[in-house]
Amino acid sequence: MSAQPDHATPMPHAPAPGAPAELRAQLRADRRAEMWVPAFERDWAKALEDARHTFSLTPLHEVVRTWQLRVAAAGDVDAFVDAGQDDSDFVDLDDVLGGRP
């Protein structure tokens, strides 16, 4: 009997090489740029340091994926707030997305 699983969990695809730069451009163009750009750059710097120590690009990929999800969800969040929906029982987006790396 082999100790290997009979199936492997597929790894998420790595972001495109230009994805971080495109993402930063999106963040800079957004009305939330004043908050989002420094937060992204802080997450990116931490991921770079983690990648340097682990010799893995995974932390960088996770930052890009997390921020892509945040940007994608922003319109829905805006629509929810603009509709006057009750958000008193909110869920933190970091809890949904898995937190910042």
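Quick rundown of the values:
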{"read-out": "Sparse-neighbour loop sites [trypsin sites (Lys or Arg not before Pro); region 29-83; at most 10 other C-beta within 10 Å; DSSP]", "value": "ARG31"}
{"read-out": "Surface accessible to a 1.4 Å probe, per residue, for the residues of region 26-65, Å²", "value": "67"}
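The values are calculated or read from the model by the stated rules, or taken from the named source; none is laboratory data. All of these numbers come straight from a predicted model, not from anything done at the bench. With ideal geometry, Cβ positions are generated from the backbone for all residues, glycine too; neighbour counts draw on all protein chains shown. Ligands, DNA and RNA are excluded from the accessible area calculation, which covers all protein heavy atoms including side chains. Shrake-Rupley method; radii C 1.70, N 1.55, O 1.52, S 1.80 Å.
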